[in-house]
Amino acid sequence: MPTKRAPSRAQAAASASGPHPGASPMLNAALVLVAFGYGLALLVDRRELSWPPRELLASLTTLAGCLAMVGPLLLWRRGAAEGTLGELIWMVGGLVLWAFNLSALALGRTRGLDWAAPVGPEVLGPVMVALMIGGWRTGRVAWSWTWTSVTGWVLGLIWIGMGVLALLPDRSSIPGLS
């Protein structure tokens, strides 16, 4: 007869603290929808939505930034519970964007600031590579099929890809990547 494993300290602490208001699936869905809605509103305001699509990277950067900024709000409820590497990527990416936005606000440099992408891909891409390597080497669970883990990995790979593209000398020769 198999024996039942005892929960880890992190799991026991998470279950002992009881449900947190941030754990609501409806709240999570609302935050994600607000993020995408804000991103689409920014794209419409900038006249970047058109057919055929132009400026795909700018649109992708805006949507990824809006989604990343709700990551810390969604994932904060985890507390001390151990998360996956994807969730760490989403959390840190969002915190980096919040930090840049708050520092610009504190310095009074908000004129012309792209709130959804205050830091360029040439900075955020290498930060995500370092985060992935560091998280993997410290023993984080690298992969899980939870929606938060998959979202974190997608955001991280988008930022790394845009960082690599930012290093290309002449992106204008690649159609749709202006």
For the stretch 53-167, the Kirkwood Rh over every pair of distinct alpha carbons, in Å, works out to 14.4 Å
Please work out how much length the chain gains when fully extended from residue 33 to residue 103, using 0.36 nm per residue of separation minus the C-alpha to C-alpha distance, in nm with one decimal. 22.6 nm
Given H placed on each backbone N at 1.01 Å, which residues far from residue 141 in sequence or on other chains put an amide H within less than 5 Å of it? 85
Accessible area of the stretch 53-167 belonging to carbon and sulfur atoms, whole % at 1.4 Å probe: 69 percent
Rolling a 1.4 angstrom probe over the protein heavy atoms, how many square angstrom per residue are accessible across the stretch 53-167? 50 Å²
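The values are calculated or read from the model by the stated rules, or taken from the named source; none is laboratory data. Computed from a prediction, not measured in an experiment: that's the story for all the values here. These area figures cover heavy atoms from the full protein model, side chains too; ligands, DNA and RNA do not enter into them. Shrake-Rupley method; radii C 1.70, N 1.55, O 1.52, S 1.80 Å.
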